Protein chains: 4
Amino acid sequence: MSHNTFGHLLRVTTWGESHGPALGCVVDGCPPGIPLTEADIQQWLEKRRPGQGKYVTQRQEPDAVKILSGVFQDERTDGQVTTGTPISLMIENVDQRSRDYSEIATAFRPGHADYAYSAKYGVRDYRGGGRQSARETAARVAAGAIARKIIGGVQIRGAVVQIGPHAVDPRRIDWTQTENNPFWCPDPEMVPVWEEHLETIRKSGSSTGAIVAVEALGAPAGWGAPIYGKLDAELAGALMSINAAKGVEIGAGFAAAALSGEDNADEMRAGNDGPVFLSNQAGGVMGGISTGQPITARVAFKPTSSILTLRRSLNEAGEEIDLRTKGRHDPCVGLRAVPVVEAMVACVLADAMLRHRGQTGR
Amino acid sequence: MSHNTFGHLLRVTTWGESHGPALGCVVDGCPPGIPLTEADIQQWLEKRRPGQGKYVTQRQEPDAVKILSGVFQDERTDGQVTTGTPISLMIENVDQRSRDYSEIATAFRPGHADYAYSAKYGVRDYRGGGRQSARETAARVAAGAIARKIIGGVQIRGAVVQIGPHAVDPRRIDWTQTENNPFWCPDPEMVPVWEEHLETIRKSGSSTGAIVAVEALGAPAGWGAPIYGKLDAELAGALMSINAAKGVEIGAGFAAAALSGEDNADEMRAGNDGPVFLSNQAGGVMGGISTGQPITARVAFKPTSSILTLRRSLNEAGEEIDLRTKGRHDPCVGLRAVPVVEAMVACVLADAMLRHRGQTGR
Amino acid sequence: MSHNTFGHLLRVTTWGESHGPALGCVVDGCPPGIPLTEADIQQWLEKRRPGQGKYVTQRQEPDAVKILSGVFQDERTDGQVTTGTPISLMIENVDQRSRDYSEIATAFRPGHADYAYSAKYGVRDYRGGGRQSARETAARVAAGAIARKIIGGVQIRGAVVQIGPHAVDPRRIDWTQTENNPFWCPDPEMVPVWEEHLETIRKSGSSTGAIVAVEALGAPAGWGAPIYGKLDAELAGALMSINAAKGVEIGAGFAAAALSGEDNADEMRAGNDGPVFLSNQAGGVMGGISTGQPITARVAFKPTSSILTLRRSLNEAGEEIDLRTKGRHDPCVGLRAVPVVEAMVACVLADAMLRHRGQTGR
Amino acid sequence: MSHNTFGHLLRVTTWGESHGPALGCVVDGCPPGIPLTEADIQQWLEKRRPGQGKYVTQRQEPDAVKILSGVFQDERTDGQVTTGTPISLMIENVDQRSRDYSEIATAFRPGHADYAYSAKYGVRDYRGGGRQSARETAARVAAGAIARKIIGGVQIRGAVVQIGPHAVDPRRIDWTQTENNPFWCPDPEMVPVWEEHLETIRKSGSSTGAIVAVEALGAPAGWGAPIYGKLDAELAGALMSINAAKGVEIGAGFAAAALSGEDNADEMRAGNDGPVFLSNQAGGVMGGISTGQPITARVAFKPTSSILTLRRSLNEAGEEIDLRTKGRHDPCVGLRAVPVVEAMVACVLADAMLRHRGQTGR
């Protein structure tokens, strides 16, 4: 991961600002011969798309992806496939509402990266947050759609497991439920609780944090490259790079600190198709290498920093100001993070798969 | 981070197995003209060295570092300085006790990476865990000593803040206390609690997890490179790459999920030397860029997997076995992780500093 | 350099096929605050643009570049500047003539990469050569325009110094002449010779090779990073990556093999502004580091492989065929390589400048 | 290639100065299970070793390599194999003759990188040239020995084809002859000519340049990764990074500039085992991808800059001095470059093989 590129053999470079003409990514190193159309990518963008409910930003963006390179529809066959050359994807910004930015042009919004960007670069595109905007995550989701194709049989699924102080009981997680409610909630009984919490938050112009859980099922043992290319280290870096992420844990995560060695070490027995683990505290990764168990992680997201409450801050001149951040914002960014988290896991796994195959031939 | 190298402009490559002749690292890209002797590095290795108390492994390793390249003692001046060429550091293994490894040669120890390495590579150095051994972290600490020199005025300090279920109250953290007890504990009142807990654990042949907190003070605003080179993403990857790490959080971390936007967004007022933040939920990083506040992180470590209790497992032939892991092991690896965590933070910050200077000239 | 990306701190990723909807690049790591408009880039694309004379391909492409991200026109100032975020550039393909590709769809054109792509990927976009097409070099030229801005005072100039067997006498090189003829020829007396040679070649449906010389004036001493990031090694890699390049030399190059040590080693005397070298056999680079002298290189280009003469080859089924490559082709690709060579030198130098500044602070 | 590391999946990091305690390299990403002993590496170091004839430096270095990590001798099998973890190799400097360096400590030797290092770093290890010394190439040769193992069936062979003005006629090249004379000369009739030339050069305290040719036989079609990871671009960068290299060409190289399209494009016919090329002007690489033909390259080396003739130069104070470079030097560095060139080709090919396998599974 460096600047705006991540991955080693499968390399994703993203670009674009919230209020520029477009955003997109270049996915390089994709294996050739994989069927890929715009519809294959669009379906995942739909999962992430704003404007789909009252708890996400009302910005209306079709997020229609265009494939500009790297695929070929051979006249002699009936499908479009990847060619092994870089796949350039572009999503045009449509609803970058024309408005007056003079208020925030010189103000540092608390909790946002305005001050940090300004301190680093001396200049910043303040329209809609510029490069810091969560619109950048659309490019991640698009890249993830390609990564999912590469890892084929591996299923990646995410869910919101906590909103504000209301956490789902891990024993009640039912993955089949996540698409039945607007919160990616795996526990139907939690849905009304979150609904009420979010309604309160929304009405008060406040915001709330969330935790997203993700699992990858079907990855074989052997992916990941110790020591600094450990699969869990790469997942941690990739997930923490998502806007508003503040914590990442693998398997038992922080709870592992309170465990005894007996409770933590996953025992093994012989199964019909290789080892069967009797628990998965490790989250499917040991020594940085996948074990064949489900790869599990959780990501904590802070509450949206754009809130209507008046907050103390500074402007570029260093003067003290009081600021309320108007605009079309998500009261809980974690809600829209699910497909982004899934996409980052897909990209990390696809890259690990290719590198493992490169080194070992398997 | 790729395979056994991490960093971009300051690049650290480590090598070595637990029971090979030596281990070490190559630190490339160090600025020239920085005073550097073996003693400068040795002091940090002493902090991490095994054999220093009954709660850490009894393996006796002097961990004496040798600088093999990259420094020069000009006859005309009185000090040895870096030259800008790669600095090769080597630590010889001395106490890789000659013993019979036949029992674990073919066994997969539960909670260890034995099975994962075997599945990936088809071959593994089973003596003392080979490359998975925590001895590798000595190379990180050595590299970190150089990184500390590069970032000069930035102070990095770590502490153990939880052992097993016993967590230090954050309000009671006193950083001046960490060197006054064998646990890097910042709260003197917690010391006897941990002592008793560890004694129980040790006697029963079990192990326990821990959480390490770390802070970097004095880093200016502007370090870090969005989007995928975000400072917090790089910290997360670097810290999760440490042996036994299972979780990383920045600033408020997982607790941020339960916060409201008002409580989470750090407000600013004008100070004498630039902005003053009224809180630090962000942990000193916003949008992936340092803000000038203390950079704060926490890392969760699982309990050591080597325990005396009989555990169910498999051998390489796929047969079910019952296994107890004898040997000289730490009941709590988190205890020795403090200097390693500090070193990784130092390396990430030094690399970020050089890259920031490269891009912006500041 | 990896896959479709090159550079370390200034990273250029290019994408696009000859007959796809567009091609482009993402330039990441650019310093902030540099004035940059589309016109700044367009001027260099004009130098490279096809359709400008009878000795270059008649494909009519406006090559109009669009900046999609990474710049900002602050309302409060009067110019558009870089923001430090990735700059995405796109050039739409306009004249990808609709035609029947059935003849070459299954044929391997001799001298082209058709067979190699097919052997590697199993699939290839055969329209206009797909990714192998020299249209990709437009993206390099666009990136080079940004690199030139970064290195400011450094002047980069290229010339064709040989076409077919007709080489310019080095003593007759007059850099001011290169824009006065359609061949970038620095010796007016050679122009009619080349004109006649090219006319003969063109009429016979053949093609011819060329050598391009390039110089960078004004680069300070100190750029480049031994051992494997040597400035001359990076130049060699970057220049050899240009379509049809078969050789690269720095300074005296291959002629150095026949020199004596006395004739080769550049002597130094004291000048008003530092060292003055009495010769420049080194081509401005010693030990991989710039010396402050002009950086000089030469690149050999093979003749275009698309010729009208019937040639023996194979098709994808492995059957022997006889093939003549029709289409709109340059009889001498070297003619259009000048701005591409200049662009690659600019990119390498800008990256070296940023890395040098990162490591040394100078 | 960056700083002191090259390669992508097979990564080589070298370190060490001429007069430090040792030099070496870390080879990361090697496939597991490859038989590897110190003797396997030592044989190639012997080819490069100084002190073996009157035309190479008289420094006496045993160049005994030690493997410090990354291999394992399983008690249950009879051979030592790679484990997939980083292989650390070390060669101790033995004959770094203790002498008085006061003369060159402050002098810039013409043709050497003394001035460039000083300008870049402000400090330099002047003993024996420090990091600029050709002793660094021993680490390359050691790494190349591992790379040769990875690419197995591919044979790499080098020869000196020109010394000073005396070039071997390409039609007279007989690869079986190179080990029958001290010059790696493939034409026995040229041996006495070079002998006389070198004797004259040696006696006069001068030096002479050379050209080395190299071939890789048996590499399959498909290695290399366009656009910026082209196989020929990577070869060019790797070969130009060798000390004293000033030019690199692939296949017909600079001669291609004078060819017609008909003479240059290699025709194909059907063979028993796939395509048969009727010529190899391309040098086995088209579009940056191997074609299955022999991969051929040539590298030009300048004459050694250390000569006994008095030369004009400067010292660090900027004062004009006259300097003659005494010491134990090769009159023709090209003579010792053959195993280094071979090693770099081996490393580039092994890396390309692993990356190709990673992306395509073949």
If you check D:Asp273 against the conditions, is it in contact with a strand residue (DSSP E or B) (Cβ under 8 Å, 6 or more places away or on another chain) and among the charged types (D, E, K, R)? no
Can you tell me which residue among C:Gly24, C:Gly20, C:Gly33 is at pLDDT 90 or above, facing chain A (nearest Cβ under 9 Å), part of a loop (DSSP other than H, G, I, E, B) and under 24 Å from A:Gly130 (Cα atoms)? C:Gly33
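From A:Arg172, A:Arg202, A:Arg131, A:Arg127, grab the single residue that is open to solvent by 40 Å² or more (accessible area, probe 1.4 Å) and within 12 Å of chain B (Cβ to nearest Cβ).
Working: A:Arg172 fails: within 12 Å of chain B (Cβ to nearest Cβ); A:Arg131 fails: open to solvent by 40 Å² or more (accessible area, probe 1.4 Å); A:Arg127 fails: within 12 Å of chain B (Cβ to nearest Cβ).
Just a single option satisfies the conditions, and that option is A:Arg202.
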Among the numbered criteria (1) of a type in the set (A, V, I, L, M, F, W, C); (2) more than 24 Å from A:Val285 (Cβ to Cβ); (3) open to solvent by less than 10 Å² (accessible area, probe 1.4 Å), which one does B:Cys347 miss? (2)
Kindly provide the set of residues from segment A:297-342 that are among the β-branched types (Val, Ile, Thr), more than 19 Å from A:Ser18 (Cβ to Cβ) and open to solvent by 30 Å² or more (accessible area, probe 1.4 Å), ordered by number. A:Thr309, A:Ile321
Any residue in segment C:195-218 that is more than 16 Å from C:Ala167 (Cβ to Cβ) sitting within a Cβ distance under 6 Å of a residue that is basic (Lys, Arg) and open to solvent by 20 Å² or more (accessible area, probe 1.4 Å)? List the pairs, counting only those 6 or more apart or interchain. C:Glu215/C:Arg157
List the number of the failed condition for C:Lys149; all other conditions in (1) at pLDDT 95 or above; (2) outside any helix (DSSP H, G or I) hold. (2)
When restricted to D:Ser313, D:Ser305, the only residue hydroxyl-bearing (Ser, Thr, Tyr) and over 15 Å from D:Asn243 (Cβ atoms) is D:Ser313
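Report, by residue number, each residue of segment C:144-156 that is farther than 15 Å from C:Leu235 by Cβ and touching a strand residue (DSSP E or B) at 6+ places or on another chain (Cβ under 6 Å).
Of the residues in segment C:144-156, the ones farther than 15 Å from C:Leu235 by Cβ are C:145-146, C:148-150, C:152-153, C:155.
Those that are farther than 15 Å from C:Leu235 by Cβ and touching a strand residue (DSSP E or B) at 6+ places or on another chain (Cβ under 6 Å): C:Ile146, C:Gln155.
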The condition of being open to solvent by less than 20 Å² (accessible area, probe 1.4 Å), touching a Leu at 6+ places or on another chain (Cβ under 9 Å) and modelled with pLDDT of 95 or more holds, among A:Ile242, A:Ile163, only for A:Ile163
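Could you list, in sequence order, all residues of segment A:179-194 that are in contact (Cβ under 8 Å) with a residue 60 or more places away in the chain and either open to solvent by less than 40 Å² (accessible area, probe 1.4 Å) or part of a helix (DSSP H, G or I) (or both)?
Scanning segment A:179-194 gives A:Phe183, A:Trp184.
Which of the following residues is open to solvent by 10 Å² or more (accessible area, probe 1.4 Å), away from chain C (no Cβ under 11 Å), in contact (Cβ under 8 Å) with a residue 40 or more places away in the chain and part of a strand (DSSP E or B): D:Ile156, D:Ile91?
Working: D:Ile91 fails: open to solvent by 10 Å² or more (accessible area, probe 1.4 Å).
Just one listed residue meets the conditions, D:Ile156.
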Would you pick out the residues in segment C:350-362 that are open to solvent by less than 40 Å² (accessible area, probe 1.4 Å) and either at pLDDT below 95 or among the aliphatic types (A, V, I, L, M) (or both)? C:Ala350, C:Ala352, C:Met353, C:Leu354
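Please go through segment B:105-142 and give me each residue that is under 15 Å from A:Pro275 (Cβ atoms) and in a loop (DSSP other than H, G, I, E, B), ordered by number. Lay out the reasoning, then the answer.
Step one: filter segment B:105-142 for residues under 15 Å from A:Pro275 (Cβ atoms), giving B:106-120.
B:Thr106, B:Phe108, B:Arg109, B:Pro110, B:Gly111, B:His112, B:Ala113, listed by residue number.
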Scanning segment A:100-124 for residues that are in contact with a Lys or Arg (Cβ under 6 Å, 6 or more places away or on another chain) and facing chain B (nearest Cβ under 10 Å) gives A:Pro110, A:Tyr117, A:Ser118
Please state which of the following conditions A:Glu262 fails to meet, knowing it meets all the rest: (1) under 29 Å from the mean Cα position of the chain (by Cα); (2) over 17 Å from A:Arg157 (Cα atoms). (1)
By residue number, the members of segment B:73-88 that are assigned to a loop (DSSP other than H, G, I, E, B) and within 8 Å of chain D (Cβ to nearest Cβ) are B:Asp74, B:Glu75, B:Arg76, B:Thr83, B:Gly84, B:Thr85, B:Pro86
Could you list all residues from segment A:207-219 that are crowded, with 20+ Cβ neighbours inside 10 Å and assigned to a loop (DSSP other than H, G, I, E, B)? A:Ser207, A:Gly209, A:Ala219
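If you scan segment B:216-258, which residues turn out to be more than 7 Å from chain A (Cβ to nearest Cβ) and either of a type in the set (Phe, Trp, Tyr) or closer than 20 Å to A:Trp15 by Cα (or both)? Step through it out loud before you land on a result.
Here is the first cut: in segment B:216-258, the residues more than 7 Å from chain A (Cβ to nearest Cβ) are B:216-220, B:223-224, B:231, B:235, B:238-239, B:242-245, B:255.
Within segment B:216-258, B:Trp223, B:Gly224, B:Leu231 meet the criteria.
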Could you please tell me which pairs satisfy a Cβ distance under 6 Å, a separation of 6+ or placement on different chains, a first residue in segment C:264-276 that is closer than 27 Å to D:Phe301 by Cβ, and a second residue that is in a strand (DSSP E or B) and among the aromatic types (Phe, Trp, Tyr)? C:Asp266/C:Phe277; C:Met268/C:Phe277
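The values are calculated or read from the model by the stated rules, or taken from the named source; none is laboratory data. Quick caveat: nothing in here was measured; it's all calculated off a predicted structure. Glycine gets a Cβ as well: all are built from the backbone with ideal geometry, and neighbour counts include every protein chain shown. Areas reflect the complete protein model, heavy atoms only, side chains present, ligands, DNA and RNA absent. Shrake-Rupley method; radii C 1.70, N 1.55, O 1.52, S 1.80 Å.
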